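Single-structure report; data block below.
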Amino acid sequence: MENFIFHVPTEVLFGHDLEETFAARVAALGKRALIVIGGGSVKRLGIYDAIVDALHAHGVDTVECAGISPNPRIDEAKRGIALVHKENIEVIVPIGGGSVLDCAKLIAAGAKTDADPWDLVLGKAPIKDALPLATVITVAATGSEMDPHSVISNPETKQKLGWSSPLALPRVSYLNPAYTYTVNAWHTAAGTADIMSHTMESYFSVEDDAYLQDSISEAILRTCIKYGPVAFKDPTNEEARANLLWANSWAINGLIGTGKAQAWSVHAMEHELSAYYDITHGVGLAILTPHWLRHFLNDKTVSRIARFAKVIFSIEKKTEYEQAEAGIAALSEFFRSLDIPMTLKEVDIDETHLAEMAKNSVARSGGVIHGFQPMTAEDVEAIYRAAL
Ligand code: NZQ
Ligand code: ZN
C-alpha cells in the first residue's frame with residue numbers, strides 16, 4: 001500500500017430533526033450567513049424554511065444567493081462573492097445538491113482573495129484562506145458535503161473543471177434522508193450512478209494490496225445496487241434514501257482511495273460532455289463506464305473486472321474474460337433498469353466535438369491519464385465512439 005494522509009475534519013450530522021443542532025454549529029462559525037440555493041426546489045419543499053428558521057432562532061442573520069444552476073457556473077460564484085463583501089458574510093451555508101455546494105465552496109475561497117475566482121479553479125492563483133462552510137445536502141450523488149472538491153463550468157471557454165483544497169472541506173454537514181425523498185427518478189438514478197462511479201474510479205486499479213479499501217468499495221457498490229432501484233420506485237423509502245445518502249459521502253471522502261494511485265479517468269471524460277452539452281453528470285458517467293471497462297479489458301485488468309462481476313453481480317463463468325464481459329454487461333443492464341439512456345445519441349451528443357473533447361479530457365494530465373490503464377486522447381475518442 002502507498003503512504004497516505006487521511007484527514008476529514010467535517011462533522012456529520014445525520015438523520016431527522018437535527019436542524020437545531022445544525023443551526024447551533026453554524027452560529028458558532030459566524031453570525032451572518034450566506035444561504036446558497038439552486039432553482040428553488042428546496043424552498044418549495046420546506047427545507048429552506050426549516051434551516052433558515054432554525055438559524056434565525058440561533059441569532060444568525062441570513063442573506064440569500066439563489067439561482068445556482070445544475071453544473072454551476074463561474075459567474076454564479078462571482079455573484080456570491082460580491083454578496084459576501086457587500087453583506088459582511090462570515091459563514092457560507094449551501095442548501096441543495098452538489099452543484100449548490102460546489103458553487104458555495106468557490107464563493108468561500110473566492111471571497112478571501114483578490115484573485116479572479118476562475119484562476120482559483122485553474123490553479124493559477126493559490127487558495128490560502130476560505131470562509132467556513134456549513135452544508136445541507138439534498139441529493140445523494142456527489143459527496144460534496146464531505147469532500148474537498150468542487151466542479152465549476154465556464155460556458156464562455158466551454159470548460160468544466162474540478163479544483164480541490166482542504167479549505168473547501170465543510171466544517172459541518174447536515175444529511176437528512178427525508179430531504180432527499182423528493183429527488184425525482186432521473187436525479188435518483190443519476191445520483192446512484194455518480195456514487196458508483198466515484199467508487200469505481202478507485203476500485204478499478206491494477207494494484208491489489210488495498211484489501212480493506214477495496215472491500216469497502218464493494219460494500220458501497222452493493223449498497224447502490226440494492227437501494228438505487230428501491231429509491232427509484234419508492235422515493236420516500238427511508239431505508240433506501242438513508243443508505244444511499246451515507247454511501248454518497250463515503251464513496252468520495254478519500255477513504256477508499258487511500259493507499260492507491262488515484263487518477264480518475266471516467267470523470268475526466270464525462271466533464272467534457274457536460275461542458276459541451278450541459279448533460280446530467282451521473283448520466284454521462286453511466287453511459288461511459290461500461291465502454292471504458294470494455295476498452296481496457298486486457299490481461300492486466302481482467303482479474304479485477306472478473307472479481308467485480310463475481311462480488312457485485314454474483315456472476316461466475318468458465319474463464320476470467322467471460323466473467324469480466326458478463327460483469328460489464330450486467331453493469332449496463334443495471335443502469336438501463338433505472339431508465340438511464342445508455343448511448344450518447346440518446347442525450348443528443350453526436351460526432352461533432354468528439355475529437356476535441358477527447359483531447360481536452362487528457363490535457364490537464366499532460367496528454368495521458370495514468371488510471372486503471374494509461375489513457376490517451378485516442379483511447380478517449382474510441383470510448384466516446386463506442387458509446388455513440
Ligand atoms: O436547482 P434546484 O431547484 O435546487 O433543483 C435541483 C437540480 O435541478 C434538484 N434538487 C436538489 N435537491 C432536491 C432537488 N429536487 C428535489 N428534491 C430535492 N431535495 O436536483 C437537480 C440536480 O441538482 P445538482 O445539484 O445539479 O445535482 P448533483 O448533486 O448530482 O450535483 C451535480 C454537480 O456536482 C458535480 C457535477 O459535475 C455536477 O456539476 N460533481 C461534484 C463533485 C464533488 N464536489 O466532489 C464530484 C462529482 O464527481 C461531480 O463532478
Ligand atoms: Zn461524479
Open item on the list: Just to check, using Stokes-Einstein with a Kirkwood Rh over alpha carbon pairs, what's the diffusion coefficient of the range 157-309 at 37 °C and 0.692 mPa s in µm²/s?
Closed with: 199
Task: the chain - percent relative contact order, Cα under 8 Å, separation 6 or more - done: 15
TODO: May I ask which of 226/300; 78/105; 86/158; 78/160 have a Cα-Cα span longer than 18 Å here?
DONE: 226/300; 86/158
Open item on the list: For a Förster distance of 22 Å, can you work out the FRET efficiency between the beta-carbons of residue 115 and residue 364, rounded to the nearest 0.05?
Closed with: 0.70
TODO: Report the calculated FRET efficiency for residue 278 and residue 20 (r = Cβ-Cβ distance, R0 = 41 Å), to the nearest 0.05.
DONE: 0.60
Task: C-alpha center-to-center spacing [the range 245-287, the range 55-118] in angstrom - done: 23
Open item on the list: How large is the translational diffusion coefficient of the range 232-290 in µm² per second when you combine the Kirkwood radius over alpha carbon pairs with Stokes-Einstein at 4 °C and 1.567 mPa s?
Closed with: 95
- [ ] Go ahead and run the numbers for FRET between residue 222 and residue 388, Cβ-Cβ distance against an R0 of 25 Å, rounding to 0.05.
- [x] 0.20
Task: Residue order for 218, 381, 325, 333 - accessible surface, 1.4 angstrom probe, largest first - done: 333, 325, 381, 218
- [ ] At 7 Å along the Cα-to-beta-carbon direction for both residue 157 and residue 5, put a label point, then send me their distance in nm to one decimal.
- [x] 2.8
TODO: Quick one: which residues, 5+ away or cross-chain, put their amide H under 5 Å from the amide H of residue 142? H built at 1.01 Å from N.
DONE: 98
Task: Cα centroid of the range 211-240 to Cα centroid of the range 330-388, whole Å - done: 25
Task: Along the chain, longest interval not containing exposed trypsin sites (Lys or Arg not before Pro), exposed being DSSP loop plus at most 12 other Cβ atoms within 10 Å - done: 129-299
Open item on the list: What does DSSP give for the chain in terms of the percent of beta bridges that are antiparallel, rounded to the nearest 5?
Closed with: 30
- [ ] Report, ordered by chain and residue number, the aspartates and glutamates lying within cross-link reach of residue 310, taken as a straight Cα distance under 13 Å and ignoring same-chain residues fewer than 8 apart.
- [x] 218, 320, 322, 325
- [ ] Quickly work out the residue 234-to-residue 352 label distance, labels modelled 7 Å from Cα along the C-beta direction, and quote it in nm with one decimal.
- [x] 4.4
TODO: Let me have the relative contact order for the range 31-152, percent, based on Cα pairs under 8 Å that are six or more residues apart.
DONE: 29
Task: Placed amide H near residue 254: partners under 5 Å, 5+ positions off or other chain - done: none
Open item on the list: Which residues does the label zone of residue 75 cover in the range 267-282, counting backbone N under 19 Å from a point 7 Å along Cα→Cβ?
Closed with: 275-279
Task: Sequence-distant aspartates and glutamates (8 or more away, or on other chains) whose Cα lies within less than 16 Å of residue 112 - done: 87, 90, 129
Task: Within-10-Å neighbourhood charge of residue 169 [Cβ basis; K, R +1; D, E -1] - done: 0
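The values are calculated or read from the model by the stated rules, or taken from the named source; none is laboratory data. The structure displayed is predicted, hence computed values, not measured ones. Note that we place each Cβ from the backbone using ideal geometry, even for glycine, and neighbour counts take in every protein chain shown. When the accessible area is computed, the model is the full protein with side chains, heavy atoms only, and any ligands, DNA or RNA have been set aside. Shrake-Rupley method; radii C 1.70, N 1.55, O 1.52, S 1.80 Å.
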